[in-house]
1. Shape call for region 3-308 from the C-alpha gyration tensor, a ≥ b ≥ c root eigenvalues: rounded (a/c under 1.5), prolate (a/b greater than b/c) or oblate?
2. So, R0 is 22 Å and r is the distance between the beta-carbons of Ser34 and Leu122; what FRET efficiency does that work out to, to 0.05?
3. What is the local net charge at Ser20, summed over the other residues whose Cβ is closer than 13 Å to its Cβ (Lys, Arg +1; Asp, Glu -1)?
4. Report the one residue of Ala140, Gly94, Gly162 whose Cα lies farthest in the direction of the positive end of the charge dipole of region 67-210 (charges on C-beta: Lys and Arg +1, Asp and Glu -1; origin at the Cα centre).
5. Once fully extended, how much extra length lies between Leu266 and Lys48, figured as 0.36 nm per residue of separation less the alpha-carbon to alpha-carbon distance?
6. Just to confirm my numbers, what's the Cα centroid distance between region 175-225 and region 28-53 in Å?
7. Suppose every Lys and Arg Cβ carries +1 and every Asp and Glu Cβ carries -1, with no other charges. What dipole size does region 18-134 come out with about its Cα centre, to the nearest 20 debye?
8. Does region 199-245 come out rounded, prolate or oblate by the C-alpha gyration tensor, with a ≥ b ≥ c the root eigenvalues, rounded set by a/c under 1.5 and, if not, prolate when a/b is larger than b/c and oblate if not?
Amino acid sequence: MSVLSLLIALCLDFALGDPSWSWHPVRVLGRLISYIEPLCRAIPIHPKARGFVFAALNMIIFIVPVILVSVFFSRAGNLGVVADGILIYFAIGGTCLAREVGGVADALEVGGIVAGREKLRLLVSRDVDSMNETAVVSSAIETLSENFSDSTVATLFYAALGGPVLAWIHRISNTLDAMAGYKTEEYADFGYISAKLDDALNFIPARLSVLIAALASYPGGIVGTLRRAFADGGKLSSPNSGYPIAAFAGALGVMLCGPVSYFGVLNDKPFIGDGPRPDKLCLKRALILYWNSYALAAALSALLAGVLRA
């Protein structure tokens with residue numbers, strides 16, 4: 001993959017975001033996962049072994065076409081550069097994430113708390129029906145910051161390292177975790193491999209996202225962002241998600257997270273940050289921080305790709 005392929009992918013994402021058609025590769029992947037899950041659950045082996053088969057099948061079935069397309073067009077000169085760029089573009093979720101979270105801000109502004117809850121419901125697995133405005137805003141910022149690491153920094157990092165194939169290995173892993181990596185009774189064993197694979201692939205990007213968010217918060221927030229990320233990044237049960245959330249909390253000077261309900265069960269999640277709880281204005285500030293961070297991540301990924309291929 002050339003640096004130009006990554007630049008093509010970034011230009012497409014900044015300009016278009018994710019097209020909302022049913023044959024988008026990530027939506028196809030989601031349908032594949034939903035189809036394969038019951039088949040794997042029926043295998044008469046230990047649930048963790050079923051989960052391994054489930055993750056391996058989805059990875060193989062989906063990554064093989066990506067490899068074939070990339071290899072086929074690699075002999076086509078400039079057409080191969082464009083093909084790799086398009087493959088990477090479909091793996092990036094940067095602009096779509098900002099638009100979806102921005103939709104929560106718009107819904108709160110226009111339709112109030114009920115509209116805000118309904119928009120948030122499309123983005124999170126937590127229970128939103130009893131949330132007040134503060135909880136909706138905090139959840140939206142947490143989603144924005146966590147997925148900044150998962151859907152933006154990580155994808156760009158792996159694309160810079162290994163082109164569309166490595167970018168899609170990460171995207172498949174992240175989607176598997178999103179659909180099966182829960183700690184509920186139903187998924188604790190079955191989704192174990194999916195969750196651990198995603199944890200491993202996101203370990204470095206989660207920490208890179210802290211540095212990027214800190215630099216994007218220049219000039220006032222670099223020290224506070226780094227201090228808060230180091231102090232609170234390890235508080236959550238996930239080995240990775242706390243770091244970008246803590247970075248955004250530090251950059252914005254607010255307190256995020258706290259107890260929240262998932263599938264009717266209260267999770268005593270710790271608070272992250274030491275400022276006031278966020279409001280609607282803070283959500284708009286978080287989106288500005290996100291766009292600045294995304295732009296910086298894009299530049300750094302292109303630089304990394306260029307250095308590796310020099």
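Readers should treat all values here as calculations from the given coordinates under stated rules, not as data from a laboratory. Keep in mind it's a predicted model, so treat the numbers as computed, not measured. A quick note on method: Cβ atoms are made from the backbone with ideal geometry, for glycine too, and the neighbour counts reach across all protein chains shown.
1. oblate
2. According to the calculation, E is roughly 0.80.
3. Every neighbour counted, the sum reads 0.
4. Gly162
5. 75.9 nm
6. 23 Å
7. 560 debye
8. Oblate, because a/c is 1.5 or more while a/b does not exceed b/c.
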